[in-house]
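Throughout, read-outs are computed from the coordinates displayed, never taken from laboratory work. No experiment lies behind these values; they were computed from the predicted model shown. Virtual Cβ from ideal backbone geometry, glycine too; neighbours counted across all protein chains shown.
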Amino acid sequence: MNSGHKSLGSAFARGIFLNNPILIQCAGLCPVIAGTATLNDALFISGELLVNLLITCIIASALLKKVPRFIRVVIYLVFGSAVSCGALYVLSRFNFVNVGLDLKILIPVVAVNSLTAVRAETYAVKHTVKSSVYDALAAGVGASLVIIAVGALREIIGSGSIAGIQLNTAFTMDGMSLPFGCLITLGFLAAILKMMIVSSQRQPREKSNEEQPTEIELSFEPELPEEADIGIEDYDDIETLLASTDEFLRSLTGGGRQ
Amino acid sequence: MAGDKEARYTTGQIFGDYLLMLIFPVILSVWYYSTAALSVIAVCLVTSFVCDFIGSIIICKQYYLADFSSICTGLMIAMMMPAGIKLYVPVMACGFAVLVLKIPFGGGMRTPFVPAAAGFAFAAICFKNMVFDYTVGREYMTTVSLGSLLSNGSALRITGLNVLDILTGNIYGPMGSGCILVFIGCIIFLFIRRRSALLSTLGFIVSCVVFALIFPRSNGYSAASPVLELSAGSLMFASVFLVTDYATLPTHTPNKIVYGVFCGIITMTMRYMGAFEEPVCFAVLLSNAFSPLLNIVTDRFISFVSKGKKGEEVTADEQRA
């Protein structure tokens, strides 16, 4: 069996930055768009999502490895519904969370979100319980951070308040409270995260290039990707081969469209 | 052919044409609204330029002022705004148009949606009350805009007195998109410079006129309905500047007419049933989304017809043999 994540740190690095479930994988967007108009809503949704993800991944890793896939998906849905029922009970029984009425309608959306199914199906059922817990925690925390950031930004820009406390903002943009405001915010956050990842990956590469001698740079031969694997026997005429070779070289050098 | 000439045009030439056409609405808006119009125009221009410059730096791309795309976007947004609007609204609209639409998609000639339309739509959603409030800036004219009169179903008649006001844009409305005479001049300019783009404009205007004739909104003389509909809001402005956008226009000639007609029908439907007084920007954005689909459908139709013709020729040759 694949052991997966070796440590909690590497799992968190992947879950929060490199493989963020919302900003990079675009999974579980429905609850994010529906339930992040205010910070309080975002906090509650992120908490529910984290609990749901953790419970589902633990059970999927511990008990559901031998169960057929089509049954597993139904079980994820049942666990999601159970968590949603618990969340609704908390809301109705203890009035310590100041959330809007809309959120009470949207809480069951978490039960059918794609993030839980994706993490459980792609990771939890193939790895150990410990590794699945790491992965669920990392993915859940990564998603929660994004949800909270989006909720806070939307509330400040859209309503001019934070967690219900009115701020003295110069103006408010009503559109940010609408779903399209969430999509725009997510787009900007995704762009910032991508920029951070690219710049962090570029720095060690530049350092390694500086350290290597010139002879090694000249002898560098890039590995052919699978898609661009060209065999001479596949081509009937030389023109097709030359055209494809030219296209492949252009893709390697990053040429073409400026 | 006009199409061949257009293929040789550079980005600077295409947006330079728009800039030339925009000079007259700008002059009129300054004539009517003086400093209020000047401040909105200046803010839009500066915001578009700064956002474009900063965006180019962020994505490590060389900035070309000579392509005029950001200047055109800023001016278009300014012309659709009311003169007395608070200045942060056009700033937001221009920032959205450049930073969300223009920069990420690789410039003014590659955007899937018209940046000016998207910027104005963004402002309309976020600041609905301010964007359609034309009462600030000019106190000596009629009390409400034509668009709101039409949406309320008021009894409107065109008389010799107000027809000149309507044609010259001396009515409540967006500061640079009310004068029909200017846009007729722009259409003549387009006829000289870019005839194929004009097809979409004609399709758009004809569909709006037909729609207004069939379903008049004013309670008065129904033949006046098309004139009133064309004069209200930014409809004529959009027909010249937004519908003809080079990047979003379909490539095939028949598609340009279909695109214009589709946009016109959507605009009029939204005017009749929508929540906004002037929904032309939303209609343009929706039409932009359908533009690639129109190209695909036409390509397939042409290939299907050509295959059918080839098949008929082959069978005729076989029969002869």
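Return the ratio Rg/(2.2 N^0.38 Å) for the stretch B:1-134, where Rg is computed over Cα atoms only.
Cα-based Rg divided by the globular estimate yields 1.05.
Find how many whole Å separate the alpha carbon centroid of the stretch A:148-169 from the alpha carbon centroid of the stretch B:229-276.
About 37 Å separates the Cα centre of the stretch B:229-276 from the one of the stretch A:148-169.
Report, in degrees rounded to the nearest 10, the 0 to 90 angle that the Cα long axis of helix B:69-80 makes with the longest principal axis of chain B.
Its long axis makes an angle of about 50 degrees.
Rounded to whole Å and sorted largest first, list the principal axis extents of the Cα atoms in chain B.
Sorted largest first, the three principal extents are 84, 56, 33 Å.
If one takes the longest principal axis of the Cα atoms in chain B, at what angle in degrees, from 0 to 90 and to the nearest 10, does the Cα axis of helix B:195-214 lie?
For B:195-214 against chain B, the angle is about 70 degrees.
Once the piece of chain linking A:Ser200 and A:Val73 is laid out straight, how much longer is it, given 0.36 nm per residue of separation minus the C-alpha distance between them?
Between A:Ser200 and A:Val73, full extension yields an extra 42.0 nm.
What do you get for the angle between helix B:253-273 and the principal long axis of chain B? Use alpha-carbon atoms, 0 to 90 degrees, nearest ten.
Rounded to the nearest ten degrees, it is 40.
Find the Cα radius of gyration of the stretch B:210-320, compare it with 2.2 N^0.38 Å by division, and give the number to two decimals.
Rounded to two decimals, the normalised Rg is 1.49.
List every residue whose amide H lies under 5 Å from the amide H of A:Ile162, counting only residues 5 or more places away in sequence or on a different chain, with H placed 1.01 Å from N in the peptide plane.
Answer set, sorted by chain and number: A:Leu167.
Anything over 18 Å Cα to Cα? Flag those among A:Lys65/A:Lys126; B:Lys102/B:Lys256; A:Lys66/A:Lys126; B:Lys256/B:Lys310, in the order listed.
Checking Cα-Cα distances, B:Lys102/B:Lys256; B:Lys256/B:Lys310 exceed 18 Å.
Could you point to the residue in B:Gly185, B:Ala223, B:Ile59 farthest towards the positive end of chain B's charge dipole, with +1 and -1 charges on the Cβ of Lys/Arg and Asp/Glu respectively?
B:Ile59
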